[in-house]
Amino acid sequence: MRNFKILFVFMLSLAFFSCKENATSKINTSNLESAKERDTAISLGSAIVEFDKTEYDFGEVIEGEIAEGTFKITNKGKVDLIITSAKATCGCTVPEWPKEPIAPGASADLKFTFNSRGRLGKQSKSITLQTNSEKVTELIRIKGTVVKKS
C-alpha cells in the first residue's frame, strides 16, 4: 500500500510539473497559414477526375514487344487536380503521369508502356493514381494478350 501511495504522489507531481509550459508557444505560424489555405481549397470543392476510358485493351502483341497507350484525364472539379503518384501492379507496366496540376476543365495525358517479355497469355494490369480528387485513389486497367513469336 505504501508503494502505491509513493507511486501516486510521483505520478501526480510529474503531471503537475510537465504541464507548466504554455501550449500556444508551441504553435508554428507557418503551419497555420498552410492549414488556412487547405481549408479554403476544401470549401471550394475538390478535383473530380474523368477518364476518356477506364480500361485500355492493347489487343494482341508478340512476346517481347512493348505495348503503349494513353488515357486522357480531365479535371471536372473546381480546383486544380494534382496526381501525386501512379503505380502499376507490376514492373512490366510503367505509367508516365502529368506532374503539373491540371486546371479545372483542362485535360492531360497519362501514358503507359507494357513490356510483354516473359508474359505469355492474357494480361490484365492496373494502374493506381493517388490524387487530391474526391475519391483520392483512382484505378485504371490495361489488358491484352501476349502470344509466342511464330
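The values are calculated or read from the model by the stated rules, or taken from the named source; none is laboratory data. If you're wondering where the values come from, they're calculated on a predicted model, not measured in any experiment. Here Cβ is always computed from backbone atoms with ideal geometry, including for glycine, and neighbour counts include all displayed protein chains.
Summed over the stretch 111-150, the residues that are aliphatic (A, V, I, L, M) and loosely packed, with under 15 Cβ neighbours inside 10 Å give a count of 4. A count restricted to the stretch 74-109 and to residues that are assigned to a strand (DSSP E or B), without any contact (Cβ under 8 Å) to a residue 40 or more places away in the chain and charged (D, E, K, R) stands at 2.
Cys90 falls short on exactly one of the conditions (1) under 17 Å from the mean Cα position of the chain (by Cα); (2) more than 24 Å from Val146 (Cα to Cα), and that condition is (2). When you look at Val61, is it in a strand (DSSP E or B), surrounded by 12 or more Cβ atoms within 10 Å (Cβ to Cβ), β-branched (Val, Ile, Thr) and in contact (Cβ under 8 Å) with a residue 60 or more places away in the chain, yes or no? Yes, satisfied.
Within the stretch 77-92, being of a type outside the set (D, E, K, R) and surrounded by fewer than 19 Cβ atoms within 10 Å (Cβ to Cβ) holds for Ile82, Thr84, Ser85, Ala88, Thr89, Cys90, Gly91, Cys92. All conditions but one from (1) under 15 Å from Ser46 (Cβ atoms); (2) part of a loop (DSSP other than H, G, I, E, B); (3) out of contact with any Gly (no Cβ under 8 Å at 6 or more places or on another chain) apply to Arg119; the one that does not is (1). Scanning the stretch 12-30 for residues that are at pLDDT below 75 and assigned to a helix (DSSP H, G or I) yields Leu12, Ser13, Leu14, Ala15, Phe16, Phe17, Ser18, Ala23, Thr24, Ser25, Lys26, Thr29. Scanning the stretch 31-58 for residues that are of a type in the set (Gly, Ala, Ser), on the phi < 0 side of the Ramachandran plot and either at pLDDT 95 or above or surrounded by 10 or more Cβ atoms within 10 Å (Cβ to Cβ) (or both) gives Ser34, Ala35, Ala41, Ser46, Ala47. Identify, by number, the condition in (1) within 20 Å of Ile48 (Cα to Cα); (2) not in a strand (DSSP E or B) that Ile127 doesn't meet. Failed condition: (2).
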